[in-house]
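Below: one structure, written as structure tokens.
The values are calculated or read from the model by the stated rules, or taken from the named source; none is laboratory data. Keep in mind it's a predicted model, so treat the numbers as computed, not measured. Cβ sites come from the backbone with ideal geometry, for glycine too, and all protein chains shown count toward neighbours. What goes into the accessible areas is simple: the full protein's heavy atoms, side chains included, and nothing from ligands, DNA or RNA. Shrake-Rupley method; radii C 1.70, N 1.55, O 1.52, S 1.80 Å.
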Amino acid sequence: MDLPQPDGLTSLVLRTDFSSDAAWEALQAAIDGSGNYRNATFVSDSSFTDVSVQALVDTDAAADDHDKLCYVFLADATTMTAEEHPLLAVDLYAEPGRTFRVPPRWYADVSNNLAIANMNFSEFADATDESDTYCGFGDG
């Protein structure tokens, strides 16, 4: 299993829960509406059903250097069922396996800054609230 590659300066949003197509469509609409530019490559591939964070870390570690990702956003069971549909952001580079949640409202801020390496994953992860959810700097 290889990890899909995001298009251009977008971030990979990988669907790992297939319990609700309506929730997946609502999530995509919320992410597409969270910024002025296209900032997500959506992948809905059932071979990633319920894939673990560790499996993603291991897969990325085994990839050729030009195929490695620095991070990925997962649309997991929590994303699909929670009211705010928070994605699970996963670090695959500096601290492989480190995670935090990001609601679609904040997705563009996180994705855009990570895609252009303006900020590091840890800067967002360190700014999360008590539930490990990023809600903006100083707004959590």
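Odds and ends about this structure:
- The sole residue among Tyr37, Tyr93 that is in contact with a Lys or Arg (Cβ under 8 Å, 6 or more places away or on another chain), farther than 25 Å from Glu130 by Cβ and part of a loop (DSSP other than H, G, I, E, B) is Tyr93.
- Pairs are defined by a Cβ separation below 6 Å, a sequence spacing of at least 6 or placement on different chains, a first member in the range 85-98 that is on the phi > 0 side of the Ramachandran plot, and a second member that is aliphatic (A, V, I, L, M); the pairs so defined are His85/Leu27; Gly97/Val53; Gly97/Val57.
- Residue match in the range 7-23 (condition: outside any loop (DSSP other than H, G, I, E, B), over 26 Å from Asn118 (Cβ atoms) and in contact (Cβ under 8 Å) with a residue 60 or more places away in the chain): yes
Per-residue answers, yes or no, for (1) within 19 Å of Gly8 (Cα to Cα); (2) basic (Lys, Arg); (3) outside any strand (DSSP E or B); (4) open to solvent by 40 Å² or more (accessible area, probe 1.4 Å):
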position: Leu27; (1), (2), (3), (4): no, no, yes, no
position: Asp60; (1), (2), (3), (4): yes, no, yes, no
position: Leu114; (1), (2), (3), (4): yes, no, yes, no
position: Glu130; (1), (2), (3), (4): no, no, yes, yes
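- Scope the range 116-128; condition among the hydroxyl-bearing types (Ser, Thr, Tyr) and part of a helix (DSSP H, G or I); matching residues: Ser122
- For the range 80-112, the tally of residues that are open to solvent by less than 10 Å² (accessible area, probe 1.4 Å) and β-branched (Val, Ile, Thr) stands at 3.
- Unmet criterion (only one of (1) under 26 Å from Ser20 (Cβ atoms); (2) part of a helix (DSSP H, G or I); (3) more than 13 Å from the chain's Cα centre (by Cα); (4) of a type in the set (A, V, I, L, M, F, W, C)) for Val51: (2)
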